[in-house]
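Some notes on the structure that comes next.
The values are calculated or read from the model by the stated rules, or taken from the named source; none is laboratory data. Computed from a predicted structure; not experimentally measured. We place every Cβ from the backbone using ideal geometry, glycine too, and count neighbours over all the protein chains shown. Surface accessibility is based on the protein's heavy atoms, side chains included, excluding ligands, DNA and RNA. Shrake-Rupley method; radii C 1.70, N 1.55, O 1.52, S 1.80 Å.
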Amino acid sequence: MRSPNISLIIPVYNVEDYLPDCLDSVLAQSYADFEVIAVNDGSTDRSREILADYAKKDSRIRIIDQANRGLAGARNTGVAAANGMYIAFVDSDDYIDSDYLSVMYSNANEFNADISISGRYIDCGGQSSHEIRPAFTSKRLGPIEAARALNSYRSFDMSMNGKLFLASLFKGLAFPEGKNSEDQFMCYRLILRSNCSYYEDRPLYYYRHREGSISRSSSVNVFPIEASHEQLEYIRRHVPALINVAETSCFFSQVAVYNAFAVRDLEMPNEIANVVLKEPKRFLGSVIRNEDIPGFKKIQAITYCFARPVYKAVYLARKDNLCQKLL
């Protein structure tokens, strides 16, 4: 049998309330040449049963069962099993526009891009808004320019979602199991391996904010600090022209961790406080000199470093809004 053009990987863990919406949106795609690899990551609710019902309806759905290994482990399993020339990821509590695969595959072919990227909607309890990020859009991006876009905070970000990857880019790479922010550990490597990327800020992916998700947990994910440090070391070795970009990413990753503790009113462990309260000043110069960072974020950065009570009062005041971005 001929391999499909696209392997769509869906990690599944205890999402019975959201999984049907996700699968319905996948099976409604206007582009049909794809397989679905649904990795059941040790679900204990009805998720496995729901997958089985959908697999009976559509032979493109393949279910892989495994003991719980987390999102990174489920994605690694999916990548290893993929038959397609391209790989896309959809989280099982999210959903996609009917033209999602069609547009991204068409852009990949038209612009000879190893990575095709779309915009996204943010779904907050059924109310969706387009997350407008117009920088670097509608043009071919070489790996250096794409890495700038990735770290600019006004273009696409490090999420695996909303992207179509040439499958060969994953050779020799794996998501870091046992760590959150696995996307942040992986995405820059794929970008810098690519021939080029193409970004169209047309919202085709629906990212759902929900209680109980990793990103909304009452505990704080501190892995962005480690991930940004890894990116900095990688860029120092391989792409020194982008050091200021990587240092900018370190700055905002550290501030994001500070924000997460602050809005939850949690006390920071000393080892984290020593990083997020002191190290950002070391990277502030790179933030100020970075032409890709908008002025309002540079003002935030200066305020964070030199007037933190003002920063908390001004930039973290809307913490009760569940969909308010922390940075």
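Please tell me if residue 202 is open to solvent by 50 Å² or more (accessible area, probe 1.4 Å) and in a helix (DSSP H, G or I).
Against the criterion (open to solvent by 50 Å² or more (accessible area, probe 1.4 Å) and in a helix (DSSP H, G or I)), residue 202 does not qualify.
Give the residue, chosen from 63, 50, 10, that is open to solvent by less than 60 Å² (accessible area, probe 1.4 Å), of a type in the set (A, V, I, L, M, F, W, C), within 20 Å of residue 159 (Cβ to Cβ) and modelled with pLDDT of 95 or more.
10
For residues in segment 176-197 being without any contact (Cβ under 8 Å) to a residue 60 or more places away in the chain and aliphatic (A, V, I, L, M), which is most open to solvent (accessible area, probe 1.4 Å)?
192
When you look at residue 129, is it farther than 14 Å from residue 31 by Cα and in a strand (DSSP E or B), yes or no?
yes
Can you name every one of the helices (runs of 4 or more DSSP H) wholly within segment 222-316 that holds 1 or more residues which are surrounded by fewer than 13 Cβ atoms within 10 Å (Cβ to Cβ), aromatic (Phe, Trp, Tyr) and at pLDDT 95 or above?
295-306
Is there a residue being within 27 Å of residue 231 (Cα to Cα) and either of a type in the set (Asp, Glu) or in contact with a helix residue (DSSP H, G or I) (Cβ under 8 Å, 6 or more places away or on another chain) (or both) anywhere in segment 95-109?
no
How many residues are surrounded by 19 or more Cβ atoms within 10 Å (Cβ to Cβ) and part of a loop (DSSP other than H, G, I, E, B) when one looks only at segment 154-175?
Qualifying residue count, segment 154-175: 7.
Among the residues of segment 67-89, are any more than 23 Å from the chain's Cα centre (by Cα) and open to solvent by 40 Å² or more (accessible area, probe 1.4 Å)?
Taking every residue of segment 67-89 in turn, at least one turns out to be more than 23 Å from the chain's Cα centre (by Cα) and open to solvent by 40 Å² or more (accessible area, probe 1.4 Å).
Applying the selection to segment 126-160, what residues are among the hydrophobic types (A, V, I, L, M, F, W, C) and under 19 Å from residue 195 (Cα atoms)?
136, 141, 144, 146, 147, 149, 150, 156, 158, 160
Out of all the residues in segment 50-69, is one or more touching a strand residue (DSSP E or B) at 6+ places or on another chain (Cβ under 6 Å), within 18 Å of residue 208 (Cβ to Cβ) and acidic (Asp, Glu)?
No, segment 50-69 contains no residue that is touching a strand residue (DSSP E or B) at 6+ places or on another chain (Cβ under 6 Å), within 18 Å of residue 208 (Cβ to Cβ) and acidic (Asp, Glu).
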